[in-house]
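Have a look at the structure below, then the notes.
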Amino acid sequence: MYEIKYHPLLEEDLKQLNNSVRIEVFKKLQKIQQSPELGKSLGNKNNMNLTGLRKVYVSRKQIRIIYEIVNNILVVYILAIGKREDMEVYKQAEQRR
C-alpha cells in the first residue's frame, strides 16, 4: 500500500468544496492509495508540462484530483484538487510541482 502525502495548499482546495464532494474526494483518495495507477496519465496541456502526473475524476467529472506517484518511496503525492474551469486545477498542479 502507498502512503499519501498532500501538498501544503491542498487544505485550501478542500475548503472550496462542499461536504458531499469532500466525502467523494476522500473515498477516491483511498482508492488511489490502494491502486495509484487508477488515474489517467497527463502530458502537455495548454503549454503546461504535466508529464508524470495523473488525474482522476470526482463528482461526475466536475472535480479533478491531480497527483504524482513517487515509486522509490511508495508515495502518492496529491498536488491539487479542483474544477477544470479555465484549466485552473492544472495550473495549480504545475505551480505546486
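Only one entry in 40, 61, 28 is in contact with a Leu (Cβ under 9 Å, 6 or more places away or on another chain) and either aliphatic (A, V, I, L, M) or within 18 Å of residue 90 (Cβ to Cβ) (or both), namely 28.
Applying the selection to the range 18-68, what residues are under 16 Å from residue 5 (Cα atoms), touching a helix residue (DSSP H, G or I) at 6+ places or on another chain (Cβ under 8 Å) and either part of a helix (DSSP H, G or I) or open to solvent by 20 Å² or more (accessible area, probe 1.4 Å) (or both)? Selection gives 25, 31, 32, 54. How many residues are under 27 Å from residue 18 (Cα atoms) and either open to solvent by 90 Å² or more (accessible area, probe 1.4 Å) or not in a strand (DSSP E or B) (or both) when one looks only at the range 69-87? Qualifying residue count, the range 69-87: 5.
Here residue 1 meets the list (1) touching a residue at least 24 places away in the same chain (Cβ under 8 Å); (2) surrounded by 15 or more Cβ atoms within 10 Å (Cβ to Cβ) almost entirely, failing just condition (2).
The values are calculated or read from the model by the stated rules, or taken from the named source; none is laboratory data. Worth saying up front: this structure is predicted, and the values here are computed from it rather than measured. Virtual Cβ from ideal backbone geometry, glycine too; neighbours counted across all protein chains shown. With ligands, DNA and RNA removed, areas are computed over all heavy atoms of the protein, side chains included. Shrake-Rupley method; radii C 1.70, N 1.55, O 1.52, S 1.80 Å.
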